[in-house]
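A.B. asks: Shown below is the structure under consideration.
The values are calculated or read from the model by the stated rules, or taken from the named source; none is laboratory data. What you see is a predicted model, and the numbers here were worked out from it, not measured in a lab. Here the Cβ positions follow ideal geometry from the backbone for every residue, glycine too, while neighbour counts run over all protein chains shown. Please note that ligands, DNA and RNA were not included when accessible areas were found on the heavy atoms of the full protein model with its side chains. Shrake-Rupley method; radii C 1.70, N 1.55, O 1.52, S 1.80 Å.
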Amino acid sequence: MTLDQALAHSHFGGRPATFEGSLLTLDEAGYVGNLRRRIRISPAEGASVGGHNIVHHGAFAYVEGVEISGMGDEGKLGQYPWHWHRAANVEGQYIRYSSVHHTHQRCIVLHGTTHASVEGNFCFDFVGHGIFLEDHDETDNVISHNLVVLARKANPATAILASEHVDFDVKRFPSP
């Protein structure tokens, strides 16, 4: 990032600070995600819904450095921006160093898939869950170093899961 003028306000991104007498640590470092890529997958301009990318059993996916935007169809099962669908063992396959943003439903979904690699991606401004394991049989996948920011609630009338539209009561941990 290059700035053409000085910042108007101080911006501090420090190392984690531990407060005396507390088990809590405050990490004040900021994260930056790049949305733009040279290869872009998006619906036609003016489309009212997004498309989806799906990898079925027997297909292959090696995706790196791709921008996926405006994809997915809210409330439609299986209509996700990036989706391995019952692909079984996809050892060696990956989506990495890509951006998935401004989506209508989720970002990256693994369903009935093992050994996929989801690394270094930036998911931004999406409806529902960002990186989602659909059933209970998604094992031996590597999901690491992804930045997932700005999840939006799904419309209750079209949400696939209640967890995509309800507010959760977050309780604080008791002091020691």
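A.B. asks: Going residue by residue through region 114-131, is there one that turns out to be of a type in the set (D, E), in contact with a Ser or Thr (Cβ under 9 Å, 6 or more places away or on another chain) and farther than 21 Å from S163 by Cβ?
C.D. replies: yes
A.B. asks: A follow-up question, please. Of all residues being in a strand (DSSP E or B) and within 11 Å of the chain's Cα centre (by Cα) in region 109-123, which is surrounded by the fewest Cβ atoms within 10 Å (Cβ to Cβ)? Just the residue, please.
C.D. replies: E119
A.B. asks: So, in region 8-50, exactly how many residues are surrounded by 10 or more Cβ atoms within 10 Å (Cβ to Cβ), in a loop (DSSP other than H, G, I, E, B), touching a Gly at 6+ places or on another chain (Cβ under 8 Å) and modelled with pLDDT of 80 or more?
C.D. replies: 4
A.B. asks: In this structure, does V166 turn out to be outside any strand (DSSP E or B), at pLDDT below 95, open to solvent by 20 Å² or more (accessible area, probe 1.4 Å) and not hydroxyl-bearing (S, T, Y)?
C.D. replies: yes
A.B. asks: So, in region 73-98, of the ones that are among the polar types (S, T, N, Q) and open to solvent by less than 40 Å² (accessible area, probe 1.4 Å), which residue ends up nearest to V142 (Cα to Cα)?
C.D. replies: By that ranking, first place goes to Q93.
A.B. asks: Restricting region 129-163 to residues that are over 19 Å from Q79 (Cβ atoms), within 17 Å of the chain's Cα centre (by Cα) and not polar (S, T, N, Q), which is most open to solvent (accessible area, probe 1.4 Å)?
C.D. replies: Ranking the qualifying residues of region 129-163, first place goes to H145.
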